[in-house]
Amino acid sequence: MAAPAPLSPLAPKTYPVLPPIAGVRFATVGAGVRYAGRTDVMMALFDRPAAVAGVFTRSKCPSAPVDWCRAHLSGGSARALIVNSGNANAFTGGVGAAAVAHVAEAAARAVGALTSEIFMASTGVIGEPLDGTRIARVIGALVAEAKADALLGAAKAIMTTDTYPKIATARVKLGDAEVVINGIAKGAGMIAPDMATMLAYVFTDAPIAPGALQAMLSKSVEGSFNAITVDSDTSTSDTLMIFATGQARGAPRIEDAADPRAAAFRRALDKLLRNLAQQVVRDGEGARKFITVNVEGAASRKAARRIAFSIANSPLVKTACAGEDANWGRVVMAVGKAGEKAKRDTLDIFFGKIRVAHEGMRDPAYDEAEASAYMKRDAIEITADLHLGRGRATVWTCDLTKEYVAINGDYRS
């Protein structure tokens, strides 16, 4: 791997304290999967079977761990999660599947569980066989060293080109009891929504049944990880999972996602996942600008979403933002190529609150100096109002810089 990139200028200035969650402990180790001198394997160990739900990449070339997790998710029960960085174990054929099975069997023996209760993920280089023995032989140490307050270390262990760990936490009422939700994520490149994007794991002590968890997660992902893009590329390894230990004292058990008692939990989960997803964008490889793209007045919500991603994924829009160039013509281009209903003579475009284009031409009050000054901000908001209907959507992206090319030009070296 190339030398680590400097900390993103969009990184959080402070990190929240992650309160321990009853029933789950974490450990990390340097197994030498690819990196030297750093941790590269993490384990989440559940004292008792935890409810589990997940969503995974829709890539037609999924990794071996994605296949494994999909095959066992219907069991709804988890005793351990194991994630390695440095090697994606993707496009590795039967060798990759065997490596996953080998690690799962070692973990199941170590924790006294079924192999179907062991979940895994890998992230890193695609196409290189993963030596499962490197991970299997450190399982014992991970189990022995697992601690309730080690989630931040786990977030660091799964980083690849990330410049900072992504973490978030929330406390919320469930019935008359307080429950905790903690989340971690990794991702900086090969980021585009197609169910879930990158790796993300959420842990809670709330007593929520697997089916209810799955319904909540599947809905929540649409406004979070399915609403971001860094470079329009969907990973082979994308995984988003949530685990519920059920050990919050006095909290009612939730069997149905629509249970009114879970309303506050659902809102908190939505907010936490959106936080993590936006952190991924802020750590986009080489990123210097965090960009919010709004589309309003589209013919439908689906149309608005497609147009928003046309803007957010446009290399020309993204490089204009990187160069702090108020080139609204590139937004016009991206709207026009999206393949959705649009009318040139009703289109308005805004940079922040500055209307730069109106009714098919440059806004009569356009001020180049004002628009250029706005583009120098770290956070930029682009809005396209089509004035055709009620469809609206928001997605988040980042700029495209020379550093992105440099990072990916020597990713394997």
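The values are calculated or read from the model by the stated rules, or taken from the named source; none is laboratory data. Computed from a prediction, not measured in an experiment: that's the story for all the values here. Using ideal geometry, Cβ is built from the backbone for each residue, glycine included, and neighbour counts are taken over all protein chains shown. The area values use the complete protein model at the heavy-atom level, side chains included, leaving out ligands, DNA and RNA. Shrake-Rupley method; radii C 1.70, N 1.55, O 1.52, S 1.80 Å.
Out of Val202, Val230, I need the residue that is open to solvent by less than 10 Å² (accessible area, probe 1.4 Å), more than 10 Å from the chain's Cα centre (by Cα), of a type outside the set (Asp, Glu) and more than 27 Å from Thr92 (Cβ to Cβ). Which one?
Details: Val230 fails: more than 27 Å from Thr92 (Cβ to Cβ).
Of the residues listed, the single one that is open to solvent by less than 10 Å² (accessible area, probe 1.4 Å), more than 10 Å from the chain's Cα centre (by Cα), of a type outside the set (Asp, Glu) and more than 27 Å from Thr92 (Cβ to Cβ) is Val202.
How many of the residues making up region 282-340 are of a type in the set (Asp, Glu), closer than 25 Å to Glu403 by Cβ and touching a residue at least 60 places away in the same chain (Cβ under 8 Å)? It would help to see each step written out before you state the result.
Residues of region 282-340 of a type in the set (Asp, Glu): 283, 285, 296, 324-325, 340.
Keeping just the survivors that are closer than 25 Å to Glu403 by Cβ gives 283, 285, 324-325.
Filter once more, keeping what is touching a residue at least 60 places away in the same chain (Cβ under 8 Å): 283, 285.
So the answer is 2.
Working only within region 65-85, note down all residues that are crowded, with 22+ Cβ neighbours inside 10 Å, under 22 Å from the mean Cα position of the chain (by Cα) and either closer than 18 Å to Tyr35 by Cβ or of a type outside the set (A, V, I, L, M, F, W, C) (or both).
Result: Pro65, Ile82, Val83, Asn84, Ser85.
Mind checking which residues of region 284-328 are at pLDDT 95 or above and at positive phi?
Those that are at pLDDT 95 or above and at positive phi: Gly297, Glu324.
Could you list, in sequence order, all residues of region 306-358 that are in contact with an Asp or Glu (Cβ under 6 Å, 6 or more places away or on another chain), open to solvent by less than 50 Å² (accessible area, probe 1.4 Å) and over 25 Å from Arg288 (Cβ atoms)?
If the condition is that a residue be in contact with an Asp or Glu (Cβ under 6 Å, 6 or more places away or on another chain), open to solvent by less than 50 Å² (accessible area, probe 1.4 Å) and over 25 Å from Arg288 (Cβ atoms), then Asp348, His358 are the ones that fit.
Identify the single condition in (1) in contact (Cβ under 8 Å) with a residue 40 or more places away in the chain; (2) under 15 Å from Val83 (Cα atoms); (3) not charged (D, E, K, R) that Ala136 does not satisfy, given that it satisfies every other one.
For Ala136, the exception is condition (1).
Can you find a residue in region 158-177 that is of a type outside the set (Ser, Thr, Tyr), in contact with a Lys or Arg (Cβ under 9 Å, 6 or more places away or on another chain), assigned to a helix (DSSP H, G or I) and in contact (Cβ under 8 Å) with a residue 60 or more places away in the chain?
no
Given (1) surrounded by fewer than 24 Cβ atoms within 10 Å (Cβ to Cβ); (2) among the aliphatic types (A, V, I, L, M); (3) touching a residue at least 60 places away in the same chain (Cβ under 8 Å), identify the lone condition not met by Ala263.
Of (1) surrounded by fewer than 24 Cβ atoms within 10 Å (Cβ to Cβ); (2) among the aliphatic types (A, V, I, L, M); (3) touching a residue at least 60 places away in the same chain (Cβ under 8 Å), only one is false for Ala263: (3).
How many residues, within region 30-60, are under 27 Å from Pro210 (Cα atoms) and in contact (Cβ under 8 Å) with a residue 12 or more places away in the chain?
Going through region 30-60 one residue at a time, the tally reaches 19.
Taking the condition of a type in the set (A, V, I, L, M), open to solvent by less than 60 Å² (accessible area, probe 1.4 Å), more than 29 Å from Trp396 (Cα to Cα) and over 19 Å from the mean Cα position of the chain (by Cα), does Ala101 pass?
Yes; evaluated as a whole, the condition is true for this residue.
Pick from Gly250, Gly223: which is at positive phi, open to solvent by 10 Å² or more (accessible area, probe 1.4 Å) and among the small types (Gly, Ala, Ser)?
Gly250
Could you please let me know if Glu381 is open to solvent by 70 Å² or more (accessible area, probe 1.4 Å) and either aliphatic (A, V, I, L, M) or in a strand (DSSP E or B) (or both)?
On the way: open to solvent by 70 Å² or more (accessible area, probe 1.4 Å): yes; either aliphatic (A, V, I, L, M) or in a strand (DSSP E or B) (or both): yes.
When the stated conditions are applied, Glu381 passes them.
Run Asn294 past the list (1) open to solvent by 50 Å² or more (accessible area, probe 1.4 Å); (2) of a type outside the set (Ser, Thr, Tyr); (3) not in a helix (DSSP H, G or I) and report the number of the one that doesn't hold.
(1)
Does region 213-221 contain at least one residue that is touching a residue at least 60 places away in the same chain (Cβ under 8 Å), closer than 19 Å to Arg274 by Cα, more than 10 Å from the chain's Cα centre (by Cα) and in a strand (DSSP E or B)?
no
Would you check which residues across region 267-277 are touching a helix residue (DSSP H, G or I) at 6+ places or on another chain (Cβ under 7 Å) and open to solvent by 70 Å² or more (accessible area, probe 1.4 Å) and list them?
Arg274
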